[in-house]
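Presented below is the structure to which this report refers.
The values are calculated or read from the model by the stated rules, or taken from the named source; none is laboratory data. Note that the structure is a prediction, hence the values are computed from the model and not measured. Every residue, glycine among them, receives a Cβ derived from its backbone with ideal geometry; neighbour counts consider all protein chains shown.
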2 protein chains.
Amino acid sequence: MARTERLLEKARALFPELHRETVRPIRTVEPVFRDGRYGAEAAEDFRNRTLSTGDSVVLDFGDHETGYLTIRFSSEGAHPDAPVWIRVRFAERLSEFYENAEEYAGWISKAWIQETQAHLDVLPCEVTFPRRYAFRYVKLEVLDCSTRFSLKVEGAEATAVSSADESALSPCTSADPELVELDRIAVRTLHECMQRVFEDGPKRDRRLWMGDLRLEALVSYETYHADAMVKQGLYLFAGDTDADGQIASNLFIAPQIEADDGRMFDYSLFFTTALRDYYARTGDREALEDLYETAMHQVKLAEELLGPDGVIRDSDVMGWCFVDWNLGLNKQASAQGIYLYALQAAAELAEWKGDPELAASMRKRHADGVRAVREALLDTARGVFVSGAAGQVSWASQCWLVLGGAFASREEAAAALLSLEQDKNAEGMVTPYMYHHYIQALIDAGLEEKAKAVLKEYWGGMAADGADTFFELYRPGHPDESPYGGTIVNSYCHAWSCAPAYFIRHYQW
Amino acid sequence: MARTERLLEKARALFPELHRETVRPIRTVEPVFRDGRYGAEAAEDFRNRTLSTGDSVVLDFGDHETGYLTIRFSSEGAHPDAPVWIRVRFAERLSEFYENAEEYAGWISKAWIQETQAHLDVLPCEVTFPRRYAFRYVKLEVLDCSTRFSLKVEGAEATAVSSADESALSPCTSADPELVELDRIAVRTLHECMQRVFEDGPKRDRRLWMGDLRLEALVSYETYHADAMVKQGLYLFAGDTDADGQIASNLFIAPQIEADDGRMFDYSLFFTTALRDYYARTGDREALEDLYETAMHQVKLAEELLGPDGVIRDSDVMGWCFVDWNLGLNKQASAQGIYLYALQAAAELAEWKGDPELAASMRKRHADGVRAVREALLDTARGVFVSGAAGQVSWASQCWLVLGGAFASREEAAAALLSLEQDKNAEGMVTPYMYHHYIQALIDAGLEEKAKAVLKEYWGGMAADGADTFFELYRPGHPDESPYGGTIVNSYCHAWSCAPAYFIRHYQW
């Protein structure tokens, strides 16, 4: 690992303060599953109930919250003659209460499931649970309570935390109420992910990922204007690269700043594009001077993967390039698109830095890359790019090659994107993260109205499903979608899905 | 309830300080169950192990401890990419690890089972578990740990607490190594139960019971000389009686001092006998003056239960009189014995108080009670007292009528006690608490050598079974003995079983 303390020091100085807000449950609910949908009916207020062994109560805090829970307990009946043993489960979505932690056997840790137990030795008492949770609903179950008394919940409150500054939030000026609503949910999603860093999700992984940071930054520029946090993220990544200077895919800030050992082709290049976005927005010369070399270096590292045909070599190493959580997706063509997309950013950075020769070289490489990929991967008969040895056609490949400028014209790009709708075999998209790029590709291909319609349909589908925040994974008609082996560890408030606020505001829908 | 603040104030001033001691595990063990016995084999030191999902490690602290556990964790492998979910189980005896909390379905709360869970969000970390536990062994199980790293336990320590003052402990002067060992275990048992009050057991119920206080006081006079704590206990009970002045069977000190609503015939009368014991030992005039009326009043309340035949009426109300945890035991004859035993104490208290007339009256009532019980319940043919309408013969009845002075002579008493050994139908004893009274009855009947032999056999049986402290329940040949519906909630450090230290020292064995 190559640590640059000078950059990390600057990053440390940019850690934001957390704003704290006290939030109380708005109602007590009884979860119901009916006609394939999870919902909640109003139930007797928790303050009026007495709980015995096996009883439970579900508190609804009214919106997605990230923070710390405090509950005040008392008892009714004889003086408590034994502790009370409780379990507390936290859910972003009611569906989580229908899942059994014991049965989850996926490949990521069960420890992400948000639950805890406590023994109440003395009643009345007030318990503040030490961990931070992401939730709208809290289910309190009595695992055992002596028959001589019953448990009462006198009060509950959450100390919600976020570094988002509500006073800095720009208003949404769209006149379309449907879009205003999607914007509201998207902004809430970003708000919840804004903690000490731009987290990917406050339930899981609670971590700074380069790919998520890039999109959070785009939404932040239109909403909370947390430019210092974007800068913090860029300095963190630049301050702890691997030995050959490659940007990590993600990093940890506790117990100290440390880059994860994972590297992904696309995420490293997004450092370059995110710096382009940041400088274009802020004109922050210090950041450009400090981070320029690192940004340009990512392009150079990417080029080491170019094959003799001038196209990024395919790889069967799991996770070599992320693109989407579709495990069947071949990433080669997308990687080429992302490389081209980064070359465009690198050219801009070189211009700003005052290096027109390098800028020209980047533009030349871009032209070469476009030519190469068209020769190698364009299926001229169908008008789409294929990917990998098996010639896979996918939505991701077309989107990224649109964004990378590999299509000869808007019309050609539009035709490719539209042709996917007729191709049942085209490999699809499973994350709002990939949909973000699809929306952008549609706009770049001159299909802005279609982009708006897709956004309304896709993010609107989550909203119609009761989303308080947008999800990590969403594939209409596939409610069990999870790359982890179980939806109980899915994140239902995930920064990479806050795209609506960017598109609605940036394109003034 | 009748609260007497003046007495409670004095009690509050007598709460002891807790001494704190740092204790570390002496070894890592692997529990084994072989030939019907639970044991432990030395295992690889926990510091040298790495733990993954499903792994566990058992720490042996070397002796029974009551206190708070701190564990320092770290990780090995990649930077932790998920929390670690652990369960920690605390056991006084290794057998507890072979029991399943899920399967316990007894009538007292599962919440007494000593276990907890935690999520470790950041590693390395130090976790101090907030509850007080009673344990020698700690089992740490990894419920889930990401496959990218493993968990390490760097260190563990307990902050053990007790109000017993080791510097005040009188030495055991017995020359019999077997008795010295039983004394050591008994003293440790009392040490562990000495907290802010004389608790019955540090695992369960952690509460001041009048019957336990009486025996703990007897052992304390011979060992730690915690006279102020005995006085505290007496003032607590006298300070919060029920409306007609009856002493509660037990009381709580948190969140504030409050007597439980349970009343037991025998436990109320033990206030009288415990005050007698306390004054005889200390000559504390203030206590005698403050508590005398309450003590004499218990006798008066007991007499309301006398039938026209001058014998305490039988009752089928569960728990009306405790005597022993043998659920098949008829309590009538024992209750009469305890009433007589209390009359003797009341007579002494009246003498000390300077009320010879009342003392004479108590002696007269004692003589009447003896005459009455001999007429009503003595089976002259068999030389034993029967109890209840069905004429049940039990060990408890004989013991208590010996202690109450209902036998005409030592010889008659001795014959009754010895006859039990030939009577397979005689209802037996299940607790060390009842055995305490059996030992005392043997001594009172002139069978001191037999008393010593029984003590060696009974308490020695627990010692041979690896007891670090003596148990709440012990019935040789019945390892599953539990009045609660499951041994997992049994207490294996219970004050009422610390008798050996009293007998060995008081009778200079």
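Couple of notes before you dig in:
- Unique match (being within 30 Å of B:A254 (Cα to Cα) and among the aromatic types (F, W, Y)) among A:W107, A:W85: A:W85
- Taking the stretch B:430-472 as the range and being at pLDDT 95 or above and in a loop (DSSP other than H, G, I, E, B) as the test, the residues that pass are B:T431, B:A445, B:G446, B:L447, B:A467, B:D468, B:T469, B:F470, B:F471, B:E472.
- Exactly one residue out of A:E427, A:E348 is of a type outside the set (G, A, S) and either over 21 Å from A:D266 (Cα atoms) or more than 22 Å from the chain's Cα centre (by Cα) (or both): that is A:E348.
- From the list A:A164, A:A175, the one residue that fits, being more than 14 Å from every other protein chain (Cβ to nearest Cβ) and under 29 Å from A:M229 (Cα atoms), is A:A164.
For every residue, the table says whether it meets (1) over 27 Å from A:E126 (Cα atoms); (2) surrounded by fewer than 21 Cβ atoms within 10 Å (Cβ to Cβ); (3) in contact with a helix residue (DSSP H, G or I) (Cβ under 6 Å, 6 or more places away or on another chain).
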residue	(1), (2), (3)
B:A91	yes, no, yes
B:L94	yes, no, no
B:P130	no, yes, no
B:L143	yes, yes, no
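- The residue list A:R184, A:R188, A:R207 contains one member that is surrounded by fewer than 24 Cβ atoms within 10 Å (Cβ to Cβ), closer than 21 Å to A:W112 by Cβ and out of contact with any Phe, Trp or Tyr (no Cβ under 6 Å at 6 or more places or on another chain), which is A:R207.
- Reported count of residues in the stretch B:218-258, each being within 14 Å of chain A (Cβ to nearest Cβ) and in a strand (DSSP E or B), is 5.
- Any hit, the stretch A:478-489, residues being of a type in the set (S, T, N, Q) and part of a loop (DSSP other than H, G, I, E, B): yes
- Evaluating A:T116 against the criteria (1) within 26 Å of A:R188 (Cβ to Cβ); (2) in contact (Cβ under 8 Å) with a residue 40 or more places away in the chain leaves one unmet condition, (2).
- Only residues that are touching a residue at least 24 places away in the same chain (Cβ under 8 Å) and within 12 Å of chain B (Cβ to nearest Cβ) were counted across the stretch A:89-108, and they come to 7.
- Spans of helices (runs of 4 or more DSSP H) in the stretch A:320-429 with at least 2 residues basic (K, R) and within 30 Å of A:R285 (Cβ to Cβ): A:356-377
- Filter result for B:R276 (without any contact (Cβ under 8 Å) to a residue 12 or more places away in the chain, farther than 21 Å from B:P16 by Cβ and more than 14 Å from every other protein chain (Cβ to nearest Cβ)): no
- The residues on offer are A:C493, A:C498, and the sole one that is within 13 Å of A:D183 (Cα to Cα) and touching a helix residue (DSSP H, G or I) at 6+ places or on another chain (Cβ under 8 Å) is A:C498.
- Members of the stretch B:145-172 that are closer than 17 Å to B:T189 by Cβ and part of a loop (DSSP other than H, G, I, E, B): B:S163, B:A164, B:D165, B:L169, B:S170, B:C172
- In the stretch A:243-278, the residue that is nearest to A:E5 (Cα to Cα) out of those that are of a type in the set (D, E, K, R) and out of contact with any strand residue (DSSP E or B) (no Cβ under 7 Å at 6 or more places or on another chain) is A:D244.
- Subset tally (residues that are of a type in the set (A, V, I, L, M, F, W, C) and more than 9 Å from chain B (Cβ to nearest Cβ)) for the stretch A:114-140: 6
- Test: residue in the stretch B:186-196 that is within 13 Å of chain A (Cβ to nearest Cβ), hydrophobic (A, V, I, L, M, F, W, C), in contact (Cβ under 8 Å) with a residue 24 or more places away in the chain and in contact with a helix residue (DSSP H, G or I) (Cβ under 9 Å, 6 or more places away or on another chain): no
- Test result for A:V122, modelled with pLDDT of 95 or more, aliphatic (A, V, I, L, M) and not in a loop (DSSP other than H, G, I, E, B): no
- Subset of the stretch B:223-266 (residues that are touching a Phe, Trp or Tyr at 6+ places or on another chain (Cβ under 9 Å), charged (D, E, K, R) and buried (at least 22 other Cβ atoms within 10 Å of the Cβ)): B:K231, B:D266
- Number of residues in the stretch B:56-75 that are over 28 Å from the mean Cα position of the chain (by Cα) and within 14 Å of chain A (Cβ to nearest Cβ): the value is 4.
- Residues in the stretch B:377-410 that are in contact with a Leu (Cβ under 6 Å, 6 or more places away or on another chain) and among the β-branched types (V, I, T): B:V386 only.
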